Amino acid sequence: MTTDAGPENGQGFFTRLKSGLSHSKTALSDGIAGIFNKRKLDDDTLDELEDLLITSDIGVEVAAAVTGQLRQTRYNKEITADEVRAALAEEVASILAPVALPLAIDPTRKPHVILVVGVNGTGKTTTIGKLAQQLRDDGKSVMLAAGDTFRAAAIEQLQIWGERTNCPVVAGKVGADAAGLAFDALARARADNIDVLLVDTAGRLQNKANLMAELEKVVRVIRKLDADAPHSTLLVLDATTGQNALNQVEVFQQVADVSGLIMTKLDGTARGGILVAIARRFGLPIHAIGVGEGVNDMQAFDATGFAHALADVEINGKS
Amino acid sequence: MFDSLTGRLGDVFDRLTKQGTLSESDINDALRDVRVALLEADVALPVVKDFVTAIKDRALGQEVLKSVAPGQMVIKIVHEHLVEMLGSEDVELNLNAVPPVVFMLVGLQGSGKTTSTAKIAMRLGKHQKKKVLMASLDVQRPAAQEQLRVLGEQAEVATLPIIPGQMPVDIAERAISAGKLGGYDVVMLDTAGRLHVDEALMAELEAVRRISVPQETLLVADALTGQDAVNVATEFNKRMNLTGIVLTRVDGDGRGGAALSMRAVTGCPIKLMGVGEKLDEMEVFHPDRIASRILGMGDVVSLVEKAAESIEIEEAEKLAAKMKKGTFDLADMSLQLGQLRKLGGMEGILAMLPGMGKMKSKVNAANIDENMITRQQAIISSMTLKERTHPKLVAASRKRRIAAGSGTTVQDVNRLLKQHKQMAQMMKKMSKMGTKGLMRNGMPGMPGLMPPH
């Protein structure tokens, strides 16, 4: 596991992003090279390319858009693997560029409240730990609220992250009302003049109406103290998730007014292509990606880097 | 997404069933759509390709082209083949070894290993009267061992005492010897989540496996997984020799294509599936039901089972008797609305009904409000007992009172009364046909919920 580079280290970021995405890009670019080794771009080739894109979880719509673009400009021409990679990266980057926005903390808010939501097991608590570290590195005072009062030992897990990042943790009892806890945490953060309050929530599947209503209540209760809070609501998505991620974004956006996304587990073989489909459909900012379990294994989302790593333009067929 | 997908399959199947005879090109068109549908359901590409080829061979054979309803025949073949690929039989956990039998659970981070460990242990304890010991080898995630300990308390299953700083292989050894000494039937080893490409952690798993010789090595996998499912399953199977798969988050609204992919590439049966956050929410995997779900054909069996669980038999019998007499009043309607809510409301029911893709889009178009049921019950609650049994009494001034009492409008009250009338009429008709299958008789209330166009 790599733990060398800090988030401000550009070189480290790219290396890590690339190593995180290396498995996906290898599979994808190997496939592309296989198809395009000095061949004419005909219907069969385009179909195969579309299939390859689909296997990166990019979604049928985007896959069709990319191949449609190639069909318009390069149909029946000799095309090399490099050219198709460049075209693919360009298309992907053009979709992602508008949504690659860092998480902005409003310094006039005391505290700036960040609510972290998502389905079970996507990595909300770990993401909060990493975010806390980054914010601390930026010189901000951070408080954590252990709003996952349902899962066994979720509170202890956040408390350990609090110790690691040297942040106070507001925690209640297991089974306590999450909304009430968030309210108390906000009151305490105000009293202590904290810069950023990170509120953890229990994982919930977006099709569970009662759990989503509970989340709605958390937001409602926080607003009793601060009508503008939460100032950021982050949806944590798991890179291994397939097309269901689209549903997750849709429903969490409806219920909790999601303001931005973080994708985790991009250090595996999952390609995270679904982010492209999500960007196209929802246009929500993508703030960061998780590439490991260490406290520093989170990077700002970089559209060009992501797109190029996915399409493997840098390596130029050496893989 | 899924609505459009199900809609698409619904269209394909519609087109097929409408046609009297099928040409080869009809079948090819249909299969192209089936292919895309499977891909959108997150079935992995290589698996989809094999699948479509196999279907094509069968579909183009004599059995379809010469059958009475060729369209139906194709659908049947697709469904059958899907079930076949998912494993046609339910496969139980294997306990045939000298106790303590060791089970080991492996998988990616966040797939649900710890929860599944506790759920399986509880099943073994409750259903099979086994004495189970659980041990967490997760020294990676903060408080993971603590999580299993707490779950053990909730499930009333013993857990191995935590020794801080002990490494996974040592914990496994200690668990097995504690299992032997304590006279346990089963020792369950929960492991840390890891990426299948993390060499160091995969080697650690192999080491644990060597010393513990598990009877079951189960891959815990998220039903919402996308195309990566094949990579994960293949790699874990290669390193760990999996004996089965536990599918989690089956209660989500994913289409579960990952199940098909993983079964296909590993050949391992899917043994259990997690269907909720509570510890008793773990069920035997039924291939036919998941097949229907992947195809968007709905899970009718589950709906019927759920209905059987939720609807009080006594209430249902009372209702049946009333229907027979043709005296279905507003109090009965309220009762029925309550049962509908228990089943998870319109959305819950629709999700399990065949052809729901189309239904759902219609419902959305009609702008149906889930709160409608709640509001309708409120309206009925605001009536006097006499009004409930004699709806005809409800005239203008009473309507205003009821609307004010329930926080609705007179129009809402009117609509409810009209719906009740329609339902009562339907009930009467139905009672003439006999009251067999109360489930079906209970359902006509549903169309009444749609606002009139």
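The values are calculated or read from the model by the stated rules, or taken from the named source; none is laboratory data. Quick caveat: nothing in here was measured; it's all calculated off a predicted structure. A quick note on method: Cβ atoms are made from the backbone with ideal geometry, for glycine too, and the neighbour counts reach across all protein chains shown. Just so you know, the surface numbers come from the protein's heavy atoms only, side chains and all, with ligands and any DNA or RNA stripped out. Shrake-Rupley method; radii C 1.70, N 1.55, O 1.52, S 1.80 Å.
Quick look at the numbers
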quantity: Total residues in segment A:185-201, condition farther than 17 Å from A:Leu234 by Cβ and either among the basic types (Lys, Arg) or part of a loop (DSSP other than H, G, I, E, B) (or both); calculated: 5
quantity: Hey, B:Thr117 among the hydroxyl-bearing types (Ser, Thr, Tyr), more than 10 Å from chain A (Cβ to nearest Cβ) and open to solvent by less than 10 Å² (accessible area, probe 1.4 Å) or not; calculated: yes
quantity: Count of residues meeting criterion [within 10 Å of chain A (Cβ to nearest Cβ) and open to solvent by 10 Å² or more (accessible area, probe 1.4 Å)] in segment B:257-275; calculated: 0
quantity: B:Val250 in a helix (DSSP H, G or I) and of a type in the set (Val, Ile, Thr); calculated: no
quantity: Index of the failed condition, B:Leu195 passing every other in (1) in contact with a Gly (Cβ under 6 Å, 6 or more places away or on another chain); (2) more than 9 Å from chain A (Cβ to nearest Cβ); (3) not basic (Lys, Arg); calculated: (2)
quantity: Pick from segment A:120-142, criterion of a type outside the set (Lys, Arg), assigned to a loop (DSSP other than H, G, I, E, B) and more than 26 Å from B:Ala155 (Cα to Cα), ranking: farthest from the other protein chains (Cβ to nearest Cβ); calculated: A:Gly139
quantity: When residues of segment A:40-60 are limited to those that are open to solvent by less than 10 Å² (accessible area, probe 1.4 Å) and among the β-branched types (Val, Ile, Thr), the one farthest from the other protein chains (Cβ to nearest Cβ); calculated: A:Thr45
quantity: Scope segment B:163-214; condition surrounded by 14 or more Cβ atoms within 10 Å (Cβ to Cβ), touching a helix residue (DSSP H, G or I) at 6+ places or on another chain (Cβ under 8 Å) and part of a loop (DSSP other than H, G, I, E, B); matching residues; calculated: B:Gln166, B:Tyr184, B:Asp185, B:Thr191, B:Ala192, B:Gly193, B:Arg194, B:Leu195, B:His196, B:Val197
quantity: Those residues of segment A:110-119 which are modelled with pLDDT of 95 or more, of a type outside the set (A, V, I, L, M, F, W, C) and in a loop (DSSP other than H, G, I, E, B), in sequence order; calculated: A:Pro111, A:Gly118
quantity: Within segment A:143-157, considering residues that are part of a helix (DSSP H, G or I) and of a type outside the set (S, T, N, Q), the one most open to solvent (accessible area, probe 1.4 Å); calculated: A:Glu156
quantity: Flag if A:Ala182 is assigned to a helix (DSSP H, G or I) and more than 12 Å from chain B (Cβ to nearest Cβ); calculated: yes
quantity: Among the residues listed as A:Asp200, A:Asp192, the single one being within 24 Å of A:Pro107 (Cβ to Cβ) and within 14 Å of chain B (Cβ to nearest Cβ); calculated: A:Asp200
quantity: Residue within segment A:247-254 that is under 30 Å from A:Arg280 (Cα atoms), aromatic (Phe, Trp, Tyr) and buried (at least 22 other Cβ atoms within 10 Å of the Cβ) present; calculated: yes
quantity: The one condition in (1) more than 21 Å from A:Arg204 (Cα to Cα); (2) open to solvent by 10 Å² or more (accessible area, probe 1.4 Å); (3) away from every other protein chain (no Cβ under 14 Å) that A:Ser259 fails to fulfil; calculated: (1)
quantity: Those residues of segment B:215-248 which are open to solvent by 20 Å² or more (accessible area, probe 1.4 Å) and free of Cβ contacts under 8 Å to residues at least 60 places away in the same chain, in sequence order; calculated: B:Asn231, B:Thr234, B:Glu235, B:Asn237, B:Lys238, B:Arg239, B:Asn241
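Residues checked against (1) modelled with pLDDT under 85; (2) more than 23 Å from the chain's Cα centre (by Cα); (3) more than 30 Å from B:Asp170 (Cα to Cα):
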{"position": "B:Leu31", "(1), (2), (3)": "yes, yes, yes"}
{"position": "B:Arg58", "(1), (2), (3)": "yes, yes, yes"}
{"position": "B:Pro70", "(1), (2), (3)": "yes, yes, yes"}
{"position": "B:Met85", "(1), (2), (3)": "no, no, yes"}
{"position": "B:Met104", "(1), (2), (3)": "no, yes, no"}
{"position": "B:Thr114", "(1), (2), (3)": "no, no, no"}
{"position": "B:Leu137", "(1), (2), (3)": "no, yes, no"}
